[in-house]
Amino acid sequence: MELIKVTEQKEPHVALIELNRPKELNALNPQLMQEVRDALIALDKNEAVRVIIITGNEQAFAAGADIKQMADKSAIDMLLLDQFTTWDQIRKTKKPIIAAVSGFALGGGCEFVMTCDMVIASETAKFGQPEIKIGTIPGAGGTQRLTKAVGKAKAMELILTGRFLSAEEAHFYGLVNKVVPKEMYLHEAFALAKEIAQLSPVAVQLAKEAINRSFETHLDEGLTLERKNFYLTFASADQKEGMKAFIEKRKAEFKGQ
Ligand code: DAK
């Protein structure tokens with residue numbers, strides 16, 4: 001891994017992926033995204049890992065796809081590059097992913113953040129889809145996910161002008177879970193990760209799948225999946241342990257079985 005750093009057990013059960021192209025403000029080139037894809041596949045398989053945090057550095061989560069590498073490409077070059085397969089992997093990750101964002105999260109960087117499951121932002125974070133300013137439009141889900149997150153009017157304004165959203169505004173619109181001082185954003189992401197990591201990984205995974213389905217399907221189909229996943233938790237030892245521990249007034253010990 002050249003362009004990212006992966007620490008499997010930064011805290012017990014919590015893995016950390018750091019995007020690491022600081023000179024280019026973590027611009028997302030195909031190699032970096034492939035490294036992220038490979039890391040997510042490995043972490044998803046690693047039973048010791050329950051929650052994944054993805055972060056950049058204080059200056060930037062990611063300032064977008066790499067404009068220098070895209071500038072001269074034709075439509076067919078872009079098609080043949082087939083970067084969507086790589087990007088889709090983020091969406092397919094079964095374990096929860098928390099984006100810890102400081103500085104710029106623009107274009108593909110903002111789309112990357114919106115593909116994660118929860119977002120902790122530093123007060124310095126800036127979100128935006130400025131593709132319109134370089135003559136293109138969001139290509140990795142921005143028109144869909146930003147619209148679902150902030151509503152049509154705000155999404156139109158942001159995508160048609162390329163304006164940035166401050167961390168506070170992003171919080172107001174529900175794009176991020178929490179805004180904290182810049183020294184605290186990683187700490188806060190770990191606090192959230194550790195809270196989730198204590199719970200049944202089976203139930204967490206099934207709940208994540210059901211929540212995501214609400215974005216991808218009609219209510220009826222989403223409710224059907226939710227019900228099936230709900231029943232399925234009753235096949236897990238974790239559900240038995242969780243309910244037994246409640247009745248016995250003690251802390252549950254979840255084993256992921
Ligand atoms: N790509 C390449 N290099 C970038 C970059 C980017 N997106 N953003 C910044 N850099 C580089 C700068 O060129 C500069 O490099 P040097 O000149 O030093 O070599 C270095 O990072 C520092 O940037 P600045 O000097 O510009 O720093 P400032 O603080 O003055 O400005 C800024 C920071 C973030 C406001 C500015 O850098 C900026 O506007 N950056 C571009 C933001 C942007 O337009 N982003 C959207 C890009 S388009 C797809 C998936 C995704 C996408 C498309 C397809 N598929 C799956 C097919 C996504 C597309 C995009 O994201």
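Yes or no, residue by residue, for (1) under 30 Å from residue 13 (Cβ atoms); (2) of a type in the set (Ser, Thr, Tyr); (3) touching an Asp or Glu at 6+ places or on another chain (Cβ under 8 Å):
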position: 70; (1), (2), (3): no, no, no
position: 79; (1), (2), (3): no, no, no
position: 102; (1), (2), (3): yes, yes, yes
position: 108; (1), (2), (3): yes, no, no
position: 128; (1), (2), (3): no, no, no
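Of 60, 99, 105, all but one fail to be in contact (Cβ under 8 Å) with a residue 12 or more places away in the chain, within 25 Å of residue 216 (Cα to Cα) and touching a Phe, Trp or Tyr at 6+ places or on another chain (Cβ under 6 Å); the exception is 105. Restricting the range 49-75 to residues that are within 13 Å of the ligand (Cβ to nearest atom) and in a strand (DSSP E or B) leaves a set whose member that is nearest to residue 196 (Cα to Cα) is 61. Take the conditions (1) within 10 Å of the chain's Cα centre (by Cα); (2) over 17 Å from residue 33 (Cα atoms); (3) within 12 Å of the ligand (Cβ to nearest atom); residue 111 misses just one of them, which is (2). Considered as a group, the residues in the range 87-124 that are at pLDDT 95 or above and of a type in the set (Asp, Glu) include one that is nearest to residue 209 (Cα to Cα), and that residue is 117. The set of residues in the range 218-251 that are crowded, with 17+ Cβ neighbours inside 10 Å and assigned to a loop (DSSP other than H, G, I, E, B) contains only 236. Annotation: residue 133 fulfils all but one of (1) more than 8 Å from the ligand (Cβ to nearest atom); (2) in a helix (DSSP H, G or I); (3) not hydroxyl-bearing (Ser, Thr, Tyr); the unmet one is (1). For the range 116-129, the condition holds for no residue, the condition being that it is near the ligand (Cβ under 9 Å from one of its atoms) and without any contact (Cβ under 8 Å) to a residue 24 or more places away in the chain.
The values are calculated or read from the model by the stated rules, or taken from the named source; none is laboratory data. Remember, predicted model here, so these are calculated numbers, not experimental data. Positions of Cβ are backbone-derived with ideal geometry, glycine not excepted, and every protein chain shown enters the neighbour counts.
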